[in-house]
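S.K.: If you scroll down you'll find the structure; I have some questions about it.
The values are calculated or read from the model by the stated rules, or taken from the named source; none is laboratory data. What you see is a predicted model, and the numbers here were worked out from it, not measured in a lab. Virtual Cβ from ideal backbone geometry, glycine too; neighbours counted across all protein chains shown. Only protein heavy atoms, including side chains, enter the accessible area calculation; ligands, DNA and RNA are left aside. Shrake-Rupley method; radii C 1.70, N 1.55, O 1.52, S 1.80 Å.
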Amino acid sequence: MSRELDEIVRIARDACAIIRRHYATAFQVDFKIGDDPVTAADREANAFICAELERAFPGVPIVAEENDPSTFDVRKGATECFFVDPLDGTREFVARNGEFAVMIGLARDKRAALGVVAAPVTDRIHAGGPSESSFEIARDGSRRPIKPSRASTFAGAHAVVSRSRATDEAFAMLTRMGVTRVDKLGSAGLKAAAVACGEADIWLQPSGGGKLWDTCGPEAVAVGAGASFGSRGGAVIDYADGPLELDGIVVAATDALFHIAAASMKL
């Protein structure tokens, strides 16, 4: 891995330790807007990650979920920008089902360039990018390359959908495409990693695709492994000048599956 990615992995690993410490306590749950939960784990991990990124990469702007929204426009026109979700899957954290992750992504020239998805409970870390290839990193630091499946049709394909935000539209699309196995999974990063390492063939979310911090790290990892990643209809995600909130996500193991799924989302 490059020095940059190595440093981002270190920061994500240390943030996982913060989250595990909170996870072992009777933590309090607050709400930002409506039923959107937030905990001290989100806030402390967010502050730690941002401080470490600022120290390691001075001058590179950061868009982080728990930062003041007035800072989000720092990405506009930026050549480079970090996107941070310190605890992706807070609902899963609150439910104590283990399906949450620390996600850090670096966008360069508008595209996802480097990413880390780190799961505090299982200690699985997926990292990489389009120019780096992607790896799973073990507790001892050893790395193994990851690759998606080579599925070219949806017959027998395995799909993952959001555990907390799955919609009838998503299930209907997958049924029309002939998908017979659909599992629910938390964290956007965990779903993208499942496709990246061949544990699933497609992740489809036809609406409510989340914010750019939900996709930058996962996209870099998935594309670095060889998967295809886009917003609704297969559109390319622009991290500098595109919308902060996405209208859907499609991640597929192969271009063939990606184009079929993307076309289905346009219907």
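S.K.: From the list Glu54, Glu99, which one is at pLDDT 95 or above, open to solvent by less than 40 Å² (accessible area, probe 1.4 Å) and acidic (Asp, Glu)?
M.R.: Details: Glu54 fails: open to solvent by less than 40 Å² (accessible area, probe 1.4 Å).
Being at pLDDT 95 or above, open to solvent by less than 40 Å² (accessible area, probe 1.4 Å) and acidic (Asp, Glu) holds for just one of Glu54, Glu99, which is Glu99.
S.K.: Can you tell me which residue is most open to solvent (accessible area, probe 1.4 Å) among those in the range 1-44 that are β-branched (Val, Ile, Thr) and more than 13 Å from Pro120 (Cα to Cα)?
M.R.: Within the range 1-44, the match that is most open to solvent (accessible area, probe 1.4 Å) is Ile33.
S.K.: Do we find that Arg144 is closer than 19 Å to Ile125 by Cα, without any contact (Cβ under 8 Å) to a residue 40 or more places away in the chain, of a type outside the set (Ser, Thr, Tyr) and open to solvent by 50 Å² or more (accessible area, probe 1.4 Å) in this structure? Spell out the reasoning first.
M.R.: Values: closer than 19 Å to Ile125 by Cα: yes; without any contact (Cβ under 8 Å) to a residue 40 or more places away in the chain: yes; of a type outside the set (Ser, Thr, Tyr): yes; open to solvent by 50 Å² or more (accessible area, probe 1.4 Å): yes.
Yes, satisfied.
S.K.: Shifting gears a bit: Consider only pairs whose beta carbons are under 6 Å apart and that are at least six residues apart or on different chains; among these, list those whose first residue lies in the range 174-192 and is in contact (Cβ under 8 Å) with a residue 60 or more places away in the chain and whose second residue is open to solvent by 50 Å² or more (accessible area, probe 1.4 Å).
M.R.: Taking only residues 6 or more apart or on different chains, the pairs are Leu185/Arg163; Gly186/Arg163.
S.K.: Being in contact with a Phe, Trp or Tyr (Cβ under 8 Å, 6 or more places away or on another chain) and of a type in the set (Ser, Thr, Tyr): is that true of Thr90 here?
M.R.: In short, yes.
S.K.: Would you tally the residues in the range 90-109 being small (Gly, Ala, Ser), touching a Leu at 6+ places or on another chain (Cβ under 9 Å) and under 17 Å from Ala15 (Cα atoms)?
M.R.: Filtering the range 90-109 down to residues small (Gly, Ala, Ser) leaves 95, 98, 101, 105, 107.
If we keep only those that are touching a Leu at 6+ places or on another chain (Cβ under 9 Å) too, we end up with 101, 105, 107.
If we keep only those that are under 17 Å from Ala15 (Cα atoms) too, we end up with 101, 105.
So the answer is 2.
S.K.: What about Pro130, is it surrounded by 14 or more Cβ atoms within 10 Å (Cβ to Cβ) and not β-branched (Val, Ile, Thr)?
M.R.: Spelling it out, Pro130 is indeed surrounded by 14 or more Cβ atoms within 10 Å (Cβ to Cβ) and not β-branched (Val, Ile, Thr).
S.K.: Name the residues in the range 62-82 that are open to solvent by less than 30 Å² (accessible area, probe 1.4 Å) and not aliphatic (A, V, I, L, M), would you? If you could, list the steps in order and put the result at the bottom.
M.R.: Initially, the range 62-82 is screened for residues open to solvent by less than 30 Å² (accessible area, probe 1.4 Å), giving 62-64, 72, 75, 78, 81-82.
Phe72, Arg75, Cys81, Phe82, listed by residue number.
S.K.: Being crowded, with 23+ Cβ neighbours inside 10 Å, in contact (Cβ under 8 Å) with a residue 24 or more places away in the chain and acidic (Asp, Glu) narrows it down to one of Asp123, Asp85, Asp109, so name that one. Let's see the steps before the verdict.
M.R.: Working: Asp123 fails: crowded, with 23+ Cβ neighbours inside 10 Å; Asp109 fails: crowded, with 23+ Cβ neighbours inside 10 Å.
Residue meeting the stated conditions: Asp85.
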